[in-house]
Amino acid sequence: MRWVEMAGLKGSHFGFISRSADQTRAFGALLGARLEPGDVILLCGPFGAGKTTLVQGIGAGLDAEARVTSPSFTLINEYHGRLTLYHVDLFRLTRLDEEMEQAIQDCESGSGVTVIEWPDLLPQYLKEGALRIDMEVVGDDERSLLVHAEGTRWSVEELRRMAEKAIGESGGAA
């Protein structure tokens, strides 16, 4: 396992390198299997960083009935499984209007889980307690994932074990 060494990060943060889309999906599936109603995940990163790939894994971990696709044009996709997955993509918005903010608040306060790509427009109260994952392209197939486990819901040790298992199960630790 190749961990990303991040200067100044301690406590509730860790990073790792995913060597393939399969490893990214495997991490997402393990994360999805542990999600509880009301959990919120914020995904940050440029195009091609693997955000939707990670959400595909989360959907698999939630036993979603349909394959997860990017909601870039619909803004919110809903998938039914063990829990409802609300997949939100705010890329196309320049501002968050009252109606969209309310829709996201409704997703977050429901009995499902909410994953938001491009969350920069969100007001702080919708980000509080969320698990944030920053993703970057570091090679043709490699992605760095920096996981920020704020609050008391997530244990960094548990998330790190998920990453280790995902890398091991999908072939080839670095």
Only one of ALA60, ALA29 that is among the small types (Gly, Ala, Ser), in a helix (DSSP H, G or I), in contact (Cβ under 8 Å) with a residue 40 or more places away in the chain and surrounded by 14 or more Cβ atoms within 10 Å (Cβ to Cβ)
ALA29
I'd like to verify a number: residues in region 115-165 that are more than 16 Å from LYS51 (Cβ to Cβ), surrounded by 18 or more Cβ atoms within 10 Å (Cβ to Cβ) and among the aliphatic types (A, V, I, L, M), how many?
5
Can you work out which of the residues in region 136-161 that are part of a loop (DSSP other than H, G, I, E, B) and at pLDDT 90 or above is farthest from PHE16 (Cα to Cα)?
ASP140
Any chance region 96-105 includes a residue that's buried (at least 21 other Cβ atoms within 10 Å of the Cβ), out of contact with any Cys (no Cβ under 7 Å at 6 or more places or on another chain) and farther than 13 Å from VAL55 by Cβ?
yes
List the number of the failed condition for GLY129; all other conditions in (1) at positive phi; (2) over 17 Å from the mean Cα position of the chain (by Cα) hold.
(2)
Could you tell me whether region 128-150 includes any residue that is in contact with a strand residue (DSSP E or B) (Cβ under 6 Å, 6 or more places away or on another chain), of a type outside the set (Lys, Arg), over 22 Å from SER12 (Cβ atoms) and without any contact (Cβ under 8 Å) to a residue 60 or more places away in the chain?
no
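The values are calculated or read from the model by the stated rules, or taken from the named source; none is laboratory data. Every value quoted in this text rests on a predicted model; they were computed, and no experiment measured them. Cβ sites come from the backbone with ideal geometry, for glycine too, and all protein chains shown count toward neighbours.
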